[in-house]
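Here is the structure we will look at, set down as structure tokens.
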Amino acid sequence: MSFVIWRQQVLLSEAVALLASGKTVKEVATTLGYQSPSAFTAMFRQNLGKAPESYLHSPE
């Protein structure tokens, strides 16, 4: 696993934890160093198949 992929997996794990704790998408994006919530959402959706807003509320 390359460093870039490893780092992205760490960020995704942290993002899910922050979202589960009640943080907003904007707060999570800022905390993880994204320049905008839309950039964070695009990365999240590309890797997990769902937008952050709907990821925790899905029945899967």
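The values are calculated or read from the model by the stated rules, or taken from the named source; none is laboratory data. Please read all numbers here as calculations on a predicted model, not as lab measurements. FYI the Cβ positions are ideal-geometry reconstructions off the backbone, even for glycines, and counts take in every protein chain you see.
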* Asked: Would region 37-46 turn up any residue that is without any contact (Cβ under 8 Å) to a residue 40 or more places away in the chain, loosely packed, with under 14 Cβ neighbours inside 10 Å and charged (D, E, K, R)?
  -> no
Please verify whether Ala15 is of a type in the set (Gly, Ala, Ser), in contact with a Leu (Cβ under 8 Å, 6 or more places away or on another chain) and surrounded by 11 or more Cβ atoms within 10 Å (Cβ to Cβ), treating the condition exactly as stated.
yes
Only one of (1) hydrophobic (A, V, I, L, M, F, W, C); (2) surrounded by 11 or more Cβ atoms within 10 Å (Cβ to Cβ); (3) modelled with pLDDT under 95 does not apply to Ala20, and that is (2)
